[in-house]
Amino acid sequence: MRVLLVVVLASFVAAAFEARAQSASQSYVGSFPPPIAPTDMANYCVFENRVYSLGSGLCLGRTGFTCVPPTGPTTGNRAFWTGKDDQVFTRPQCQ
């Protein structure tokens, strides 16, 4: 009986810590800018305050986007998301 009580109590404590950790991580989203130096923005794309490397795919609805390197001053010398096929990186297939 004691073993069962300890197991149940431990599961409640574990669930409480997990819920607290999830709420703490969710409060971080949107609170701070992504941890990328401005000089490194040519190598990363950002979506919903999350950092993605070049070639990463992202599905928004049924549209696939790929993080591609900057094409020059027109993109602010930053990597960007594109929905077009690229010669190096392929778009993800979204369903």
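Each value in this text was obtained by applying a stated rule to the coordinates, not by laboratory testing. Note that this is a predicted model, so its numbers are computed, not measured. Glycine gets a Cβ as well: all are built from the backbone with ideal geometry, and neighbour counts include every protein chain shown.
Structure values in brief
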quantity	calculated
Full-stretch length increase - THR90, VAL51 - with 0.36 nm per residue and alpha-carbon distance subtracted	12.2 nm
Length released on extending from ASN77 to ARG62, taking residue separation times 0.36 nm less the Cα-Cα span	2.6 nm
Relative contact order (%) - the range 38-82, alpha-carbon pairs under 8 angstrom, separation at least six	38 percent
Ranked VAL68, VAL46, criterion: other C-beta atoms within 10 Å, fewest first	VAL46, VAL68
Phi-based couplings in Hz for the range 84-93 (Karplus 6.51, -1.76, 1.60; Gly and Pro marked x)	9, 5, 10, 6, 9, 10, 9, 6, x, 8
Gyration tensor verdict on the range 38-82 (Cα atoms; rounded if a/c is under 1.5, prolate if a/b is larger than b/c, oblate otherwise)	prolate
